[in-house]
Amino acid sequence: MTDPADVGRVVLLAGPSGSGKSRLARSCGLPVLCLDEFYKSGDDPSCPRDEMLGIVDWDHPGSWDADAAMEAIVAVCRDGQTEVPVYDISADRAAGRTRFSRDGHPVFVAEGIFVSELVPRCREAGLLADAIVISRAPWKNFLRRLARDLAERRKPTVTLLRRGRTLMRDESALVARLEAAGFRPVSAPAAAEVLRRWAVAPTTDSA
């Protein structure tokens with residue numbers, strides 16, 4: 001039976017695509033669970049589709065397995081580790097599994113496009129340490145996102161440009177929805193400082 005004192009908590013980190021949340025999370029010194037690994041397979045009939053682009057609407061929460069992501073967060077908080085998928089974006093499906101651990105830290109970070117879906121569930125379970133959203137100029141996120149996606153050859157260039165323009169247009173509304181879901185809007189430097197403070201908290205022997 002898990003000692004309640006050893007149960008971890010999670011910082012949910014959000015931000016528009018291209019806001020630098022993944023890079024910031026990796027540099028903070030805390031274990032980082034990438035929730036984008038929990039996308040559904042592209043041939044899953046439950047995935048919503050973008051009729052204009054003729055592809056799965058990967059920006060719709062219905063393309064993501066919220067239940068599996070929540071189960072992973074609970075397991076990491078309770079047991080210190082769990083097995084998670086490794087998603088291949090170019091193939092639109094998981095390519096394998098890997099082990100994720102919070103390495104004895106009392107807090108770990110979970111970040112991803114649909115992280116807001118988990119705020120009420122983590123809060124109700126008593127596992128939420130904090131929820132922050134990175135807020136920055138939409139045009140900066142557009143350029144960062146395009147450079148990243150081109151470098152990683154995620155999709156054809158024309159698809160990336162079309163999707164990028166749509167994301168930039170909708171970004172203000174996205175941040176507003178995140179705030180309504182319980183996230184605190186902060187700059188990237190302020191988010192880095194929040195995560196650094198959690199990173200220096202004493203570790204436990206539970207992981």
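Looking at (1) without any contact (Cβ under 8 Å) to a residue 24 or more places away in the chain; (2) loosely packed, with under 13 Cβ neighbours inside 10 Å, which one does D57 not meet, given that it meets all the others?
(2)
What's the number of the condition G62 fails, among (1) surrounded by fewer than 17 Cβ atoms within 10 Å (Cβ to Cβ); (2) in contact (Cβ under 8 Å) with a residue 12 or more places away in the chain; (3) closer than 30 Å to A192 by Cβ?
(3)
Looking at V86, V10, V76, which is the one that is at pLDDT 85 or above, part of a strand (DSSP E or B) and under 23 Å from G126 (Cα atoms)?
It is V10.
Considering every residue within region 169-183, establish whether at least one is at pLDDT 70 or above, loosely packed, with under 15 Cβ neighbours inside 10 Å and assigned to a loop (DSSP other than H, G, I, E, B).
No: region 169-183 contains no residue that is at pLDDT 70 or above, loosely packed, with under 15 Cβ neighbours inside 10 Å and assigned to a loop (DSSP other than H, G, I, E, B).
Determine which single condition V74 fails, assuming it passes every other condition in (1) in contact with a strand residue (DSSP E or B) (Cβ under 8 Å, 6 or more places away or on another chain); (2) more than 28 Å from P156 (Cβ to Cβ).
Every listed condition holds for V74 apart from (1).
Any chance region 113-133 includes a residue that's at pLDDT below 70, in a helix (DSSP H, G or I) and basic (K, R)?
Scanning region 113-133 turns up no residue that is at pLDDT below 70, in a helix (DSSP H, G or I) and basic (K, R).
Determine, yes or no, whether G126 is of a type outside the set (S, T, N, Q), buried (at least 21 other Cβ atoms within 10 Å of the Cβ) and on the phi > 0 side of the Ramachandran plot.
no
Under the condition of being among the basic types (K, R) and surrounded by 13 or more Cβ atoms within 10 Å (Cβ to Cβ), which residue from region 184-203 is farthest from P106 (Cα to Cα)?
Across region 184-203, the extreme among qualifying residues is R184.
Check E117, E83 and return the single one that is free of Cβ contacts under 8 Å to residues at least 60 places away in the same chain, among the acidic types (D, E) and under 15 Å from L178 (Cβ atoms).
Of E117, E83, the one residue that is free of Cβ contacts under 8 Å to residues at least 60 places away in the same chain, among the acidic types (D, E) and under 15 Å from L178 (Cβ atoms) is E117.
If you take the residues in region 34-58 that are under 18 Å from V119 (Cβ atoms) and in contact with a Ser or Thr (Cβ under 9 Å, 6 or more places away or on another chain), which one is modelled with the highest pLDDT?
Out of the qualifying residues, it is C34.
How many residues, within region 91-104, are of a type outside the set (A, V, I, L, M), surrounded by fewer than 18 Cβ atoms within 10 Å (Cβ to Cβ), farther than 27 Å from G126 by Cα and touching an Asp or Glu at 6+ places or on another chain (Cβ under 8 Å)?
2
Quick one: in region 68-80, of everything that is crowded, with 20+ Cβ neighbours inside 10 Å and more than 16 Å from the chain's Cα centre (by Cα), which residue is farthest from F183 (Cα to Cα)?
G80
The values are calculated or read from the model by the stated rules, or taken from the named source; none is laboratory data. Worth saying up front: this structure is predicted, and the values here are computed from it rather than measured. Backbone-built Cβ (ideal geometry, glycine too); neighbour counts: all protein chains shown.
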